[in-house]
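Asks: Sharing a structure with you now.
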Protein chains: 2
Amino acid sequence: YPKKSAIVHHSIFGKRGMTLEQEINESNAYYLAHDIAVIHKKPTPIQLVKVDYPKRSAAVIREAYFRKPSTTDYNGIYHGYYLDFDAKETNNKLSFPLKNFHEHQIKHLRACIKQSGVCFAFVKFSKLDRLFLLPATKLFFYWDQQLQGGRKSIPLKNIEQDSYEINYGFNPTIPYLDAVDKMINDFGV
Amino acid sequence: YPKKSAIVHHSIFGKRGMTLEQEINESNAYYLAHDIAVIHKKPTPIQLVKVDYPKRSAAVIREAYFRKPSTTDYNGIYHGYYLDFDAKETNNKLSFPLKNFHEHQIKHLRACIKQSGVCFAFVKFSKLDRLFLLPATKLFFYWDQQLQGGRKSIPLKNIEQDSYEINYGFNPTIPYLDAVDKMINDFGV
Ligand SMILES: [Mg+2]
Ligand SMILES: [Mg+2]
């Protein structure tokens with residue numbers, strides 16, 4: 001939903017002040033410009049109620065509501081692979097709350113996995129400046145455990161084991177396709 | 001953009017009164033429900049200007065504008081393949097006007113082809129009740145020819161040669177993945 005514009009200043013930890021979403025979008029723009037991958041964020045779906053069509057100028061939306069997306073936020077293609085993912089941040093320092101994910105996103109990721117997609121989630125510990133690429137199948141494990149009365153969050157130490165950590169770079173900001181390569185290699189998608 | 005709701009009545013030609021977009025969405029819902037493919041229409045991007053956040057109720061968009069999409073309308077995954085396409089209709093009977101396509105869509109399709117995506121356009125002659133799946137590489141041929149002073153439309157007889165014609169069905173309305181199978185077989189993506 002609408003994001004406040006962020007103050008961008010460089011640091012050895014990347015660009016502090018950018019949201020994770022902005023970092024991903026910037027990285028995708030780099031990958032696109034260099035013919036490496038075509039990954040886009042999907043627009044937020046809107047329920048239109050009232051639209052004015054003034055003469056000789058652009059249509060103006062006068063009443064509309066945000067709708068719940070039925071998919072993840074990002075998808076696209078990289079070297080023949082279909083990629084599908086969402087991006088989540090937490091201020092926690094010890095574990096990642098599963099309430100950041102929604103049932104419809106998990107369902108969508110499961111459907112994409114069945115079609116042999118490369119599916120994952122970005123999981124960022126903002127206060128620690130640590131970013132992880134968590135394969136969807138690992139996410140499902142913790143999600144399903146929670147539904148069976150298990151923990152409502154994934155401990156950082158488990159994320160360290162189950163994910164690919166991404167170190168911030170300059171071009172792209174998040175060189176996440178390196179982690180995707182490793183994931184494809186490990187999982188044999 | 002906002003579409004009038006259509007009156008749906010079945011006929012041997014499919015469901016007259018539905019827009020091509022509605023037919024595709026319905027087919028995608030069928031494919032999704034049957035674990036055959038995960039293809040979604042992307043929401044229209046909106047430029048938000050004014051959003052009200054009333055207490056105890058949902059955010060209301062009070063001023064916003066439609067933005068030009070930077071990609072095609074549809075993408076997703078089918079049996080490991082990344083699919084990317086747009087859908088266009090004409091009332092013409094003899095040729096399909098290239099002005100239905102936009103430079104940014106062609107550019108996006110070219111980028112996806114470079115990544116080995118399965119890319120195409122649906123081209124419908126509404127008055128003739130004929131629907132074709134035109135591979136993107138064929139579309140590029142006519143597009144480039146036009147830029148070099150060639151025809152501003154693709155003659156129906158060329159579309160008949162270069163495309164896969166889709167016959168309307170019941171479940172799904174447009175069994176277009178059959179045509180995608182043929183295309184993958186012919187082009188060896
Ligand atoms: Mg999100
Ligand atoms: Mg369109």
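Asks: Note the full-extension length gain between B:HIS79 and B:GLN148 as 0.36 nm times their separation in residues minus their Cα-Cα distance, in nm to one decimal. The partial results should precede the final answer.
Replies: Details: separation 69, 0.36 × 69 = 24.84 nm, distance 3.77 nm.
Contour length minus the Cα-Cα distance gives 21.1 nm.
Asks: Something else now. HN-Hα J couplings of region B:67-75 from phi, Karplus 6.51/-1.76/1.60, θ = phi - 60°, integer Hz, Gly and Pro as x?
Replies: 9, 6, x, 9, 10, 7, 7, 10, 7
Asks: Taking R0 as 56 Å, what FRET efficiency do you get between A:LYS55 and B:GLU160 from their Cβ-Cβ distance, rounded to the nearest 0.05? Numbers along the way, then the final one.
Replies: Values: r = 41 Å, r/R0 = 0.74.
After rounding to 0.05, the efficiency reads 0.85.
Asks: What list do you get for B:LYS42, B:LYS55, B:LYS157 if you sort them by fewest beta carbons within 10 Å?
Replies: Fewest-to-most ranking of B:LYS42, B:LYS55, B:LYS157: B:LYS55, B:LYS157, B:LYS42.
Asks: Regarding the protein assembly as shown, what's the average projected area of the Cα-atom convex hull, expressed in nm²?
Replies: 21.8
Asks: So if I restrict to the alpha-carbon atoms in chain B, what is the Rg, and what is Dmax, the biggest pairwise distance, in Å?
Replies: 18.0, 60
Asks: Collect residues whose amide H, placed 1.01 Å from N in the peptide plane, falls under 5 Å from the amide H of B:ARG62; neighbours closer than 5 in sequence don't count.
Replies: Here the answer is B:LYS50, B:VAL51, B:ASP52, since their amide H atoms fall under 5 Å of that of B:ARG62.
Asks: Across peptide B:50-63, what mean number of C-beta atoms from other chains lies inside 10 Å of a residue's C-beta?
Replies: Shielding by partners across B:50-63 averages 3.
Asks: In vacuo Debye scattering of region B:88-141, one point per C-alpha: log10 I(q)/I(0) at q = 0.19, 0.26, 0.32 Å⁻¹?
Replies: Each listed q maps to, in turn, -0.65, -1.03, -1.31.
Asks: Apply the Karplus curve 6.51 cos²θ - 1.76 cosθ + 1.60, θ = phi - 60°, to the phi angles in region A:38-46 and return the couplings in whole Hz, x for Gly and Pro.
Replies: Whole-Hz 3J(HN,Hα) from phi for region A:38-46: 10, 10, 10, 7, 7, x, 5, x, 10.
Asks: Using only atoms on other chains, find how many Cβ atoms lie within 10 Å of each Cβ of peptide B:28-39 and report the average.
Replies: That works out to 2 on average.
Asks: Quick one: order B:THR71, A:THR19 by neighbouring beta-carbon count within 10 Å, fewest to most.
Replies: A:THR19, B:THR71
Asks: Another question, if that's okay. So how far, in whole Å, is the C-alpha centre of region A:27-66 from the one of region A:105-175?
Replies: 27
Asks: Between A:ARG130 and residues 5 or more places away or on another chain, which pairs have amide H atoms under 5 Å apart, with H built 1.01 Å from N, and which residues are they?
Replies: Amide H to amide H, under 5 Å and 5 or more residues apart or across chains, A:ARG130 pairs with A:PHE125.
Asks: Separate question: Any idea what the A:LYS99 label distances to the other copies are, label 7 Å down the Cα→Cβ vector, nm, shortest first?
Replies: Label-point distances to the other copies, shortest first: 5.5 nm.
Asks: Any idea what the B:ARG110 label distances to the other copies are, label 7 Å down the Cα→Cβ vector, nm, shortest first?
Replies: Result for B:ARG110, in nm, nearest copy first: 4.2.
Asks: How much mean residue ellipticity at 222 nm does chain B get from its helices, if each DSSP H run of length 4 or more adds -39500 (n - 2.57) and you divide by all residues, to the nearest 500 deg cm²/dmol?
Replies: -9000 deg cm²/dmol
Asks: Between 0 and 90 degrees, rounded to the nearest ten: what's the tilt of helix A:103-114 against the longest Cα principal axis of chain A?
Replies: With rounding to tens, the tilt is 70 degrees.
Asks: Output wanted: per-residue J couplings in Hz (rounded whole) for region A:135-146, from phi through Karplus 6.51 cos²θ - 1.76 cosθ + 1.60, θ = phi - 60°, x for Gly and Pro.
Replies: Karplus-based 3J(HN,Hα) across region A:135-146 equals x, 4, 4, 5, 4, 4, 4, 6, 4, 5, 4, 4 Hz.
Here, each number is a calculation from the coordinates, and none is a lab measurement. All figures in this text were calculated on a predicted structure; none of them were measured in a lab. Positions of Cβ are generated from backbone atoms using ideal geometry, with glycine treated the same way; all protein chains shown enter the neighbour counts.
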